[in-house]
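Notes to accompany the following structure.
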Amino acid sequence: MINPTKKDQIYAETHEAIAAFQFDESVVAVFPDMIQRSVPGYQTILTGIGELTREYAQDYSNLYDLGCSLGAASLTMRRSLKAKNSQIIAVDNSEAMIERAKEYIQAYHSKVPIAFKKADICDIRIENASVVVINFTLQFIDPKQRDALINKVYRGLKPGGILIVSEKLHFDNKAVQDAIEHMHLQFKRANGYSELEISQKRSSLENVLITETDQQHLNRFQQAGFINSSIWFQAYNFASFLAIKQR
Ligand code: GEK
């Protein structure tokens with residue numbers, strides 16, 4: 001059973017060689033602690049996902065949580081859901097994550113079904129959707145595949161449906177990039193990560209987590225067909241976007 005308070009110490013000791021970051025058993029076991037201590041505003045974003053779901057989920061529709069990890073966004077969506085006869089589809093391509101997510105979610109009872117699927121989010125069908133959440137997962141997708149994924153989401157959304165995308169960002173302006181990155185470093189230090197942990201984690205994420213600017217994201221939403229999109233929340237270099245499909 002998952003222990004949501006188990007501390008992330010994956011990079012606390014010196015690693016001889018830093019392997020590319022993977023969502024394997026070792027990460028799954030500490031995931032709630034890792035994401036809380038690394039992503040400023042994570043909890044507020046989950047609360048916002050709940051609020052937006054309450055407003056925008058439609059009866060007889062699908063709600064998607066793409067890159068669900070342990071299902072935190074699915075849970076918050078389910079708690080806030082007012083729409084009738086809708087279901088949540090939670091997708092992740094890490095076997096370890098999906099298996100733990102299933103166990104984890106069993107602890108919470110609800111009549112709203114959550115269907116867990118182990119799949120690449122670039123390969124699945126999106127249909128009859130009213131809410132699609134991609135919470136800190138687009139950044140792990142090959143940049144060449146990102147346009148196709150967002151286009152697919154747009155096509156699969158019902159009129160009036162929404163897409164929520166949360167991402168780590170970078171900034172074109174070097175002075176701004178340095179200042180905000182420094183604030184994020186301070187956030188991690190304040191949350192107990194050592195210099196060794198921070199630098200080893202950074203190496204392991206290189207070429208795995210590929211950030212874009214806010215404008216790149218907004219342009220992609222527009223090109224996919226979303227007329228209405230904006231950042232609705234930002235903490236340092238972590239932001240969440242809302243895109244609404246016209247009715
Ligand atoms: C949360 N949304 O707690 N297809 C499916 N899943 C993928 C893919 C892919 N191509 N690439 C990566 N993943 C969650 C947090 S974590 C964010 C999401 C982070 C999955 C990967 O296995 C992992 O579970 C998740 O995306 C990213 O609200 O760790 O920073």
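The values are calculated or read from the model by the stated rules, or taken from the named source; none is laboratory data. Quantities reported herein were computed from a predicted structural model and do not represent experimental measurements. Reconstructed Cβ throughout: ideal geometry from the backbone, glycine too, with neighbour counts over all protein chains shown. Ligands, DNA and RNA are stripped out before the accessible areas are found, and what is left, the full protein with its side chains, is counted by its heavy atoms. Shrake-Rupley method; radii C 1.70, N 1.55, O 1.52, S 1.80 Å.
Here is how the numbers come out for the structure above:
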quantity	calculated
Total charge dipole magnitude, the chain, about the Cα centre, Cβ charges on Lys, Arg, Asp, Glu only, Debye to nearest 20	1080
Greater than 18 Å apart at Cα, pairs in Lys118/Lys158; Lys82/Lys111; Lys84/Lys111	Lys118/Lys158
Accessible surface ranking that places the most exposed of Cys68, Cys122 first, with a 1.4 angstrom probe	Cys122, Cys68
Convex hull volume per residue for the chain, taking Cα atoms only, in Å³	118
Label point distance in nm, Gln9-Ala119, each placed 7 Å from Cα along Cα→Cβ	3.9
Members of Lys102/Lys245; Lys6/Lys201; Lys102/Lys152; Lys7/Lys245; Lys144/Lys245; Lys117/Lys144 lying beyond 28 Å, as alpha-carbon distances in this model show	Lys102/Lys245; Lys7/Lys245
Karplus (6.51, -1.76, 1.60) ³J(HN,Hα), θ = phi - 60°, over segment 122-134, in Hz, Gly and Pro reported as x	6, 9, 7, 8, 10, 8, 6, 8, 10, 9, 10, 10, 10
Using alpha-carbon coordinates, inclination of helix 25-38 to the longest axis of the chain, degrees	90
GNM flexibility winner over the chain from Ile45, Ile105, Ile18 (Cα, springs under 10 Å)	Ile18
Dipole moment magnitude, nearest 20 debye, segment 1-101 about Cα centre, only Lys, Arg, Asp, Glu C-beta charged	580
Angle between the chain longest axis and helix 95-106 axis [Cα atoms, degrees, rounded to 10]	60
Taking the chain and dividing mean pair separation by its residue count, relative contact order in percent (alpha carbons under 8 Å, at least six apart)	22
Other-chain or far-sequence residues with amide H under 5 Å of Glu212's (modelled H)	His170
Linear extension gain, Arg54 paired with Gln186, 0.36 nm per residue minus alpha-carbon span	44.1 nm
Between segment 79-110 and segment 18-65, the Cα center-to-center distance that results, in Å	11
Helical mean residue ellipticity (222 nm; -39500 (n - 2.57) per DSSP H run of 4+; nearest 500) of the chain	-13000 deg cm²/dmol
Listed residues Ala115, Ala148, Thr137: farthest to the positive end of the dipole of segment 110-157 (Cβ charges)	Ala115
Net charge contributed by nearby residues that have their C-beta within less than 12 Å of His109 (K/R +1, D/E -1)	+3
For segment 65-70, 3J(HN,Hα) per residue [Karplus equation, 6.51 cos²θ - 1.76 cosθ + 1.60, θ = phi - 60°, Hz, x = Gly/Pro]	10, 9, x, 6, 6, 8
Heavy atoms of Tyr60 accessible to a 1.4 Å probe, total area in Å² rounded to 10	150
Dipole magnitude of segment 170-247 about its Cα centre (Cβ charges: Lys, Arg +1; Asp, Glu -1), debye to nearest 20	340
Gaussian network model of the chain, springs between alpha carbon atoms under 10 Å - residue of Ser194, Ser94, Ser86 with greatest fluctuation	Ser194
Within a Gaussian network of the chain (alpha carbon springs, distance under 10 Å), most fluctuating of Pro32, Pro143, Pro40	Pro143
Global geometry of segment 187-247, whether rounded, prolate or oblate, following the gyration tensor of its Cα atoms and the 1.5 cut on a/c	prolate
Between helix 195-205 and the chain: long-axis angle, C-alpha atoms, 0 to 90°, nearest 10	50
Selection from Leu196, Ile162, Gln186 lying farthest towards where the dipole of segment 152-222 points positive, charges on Cβ	Ile162
Å² per residue, accessible surface of the chain at 1.4 Å	48
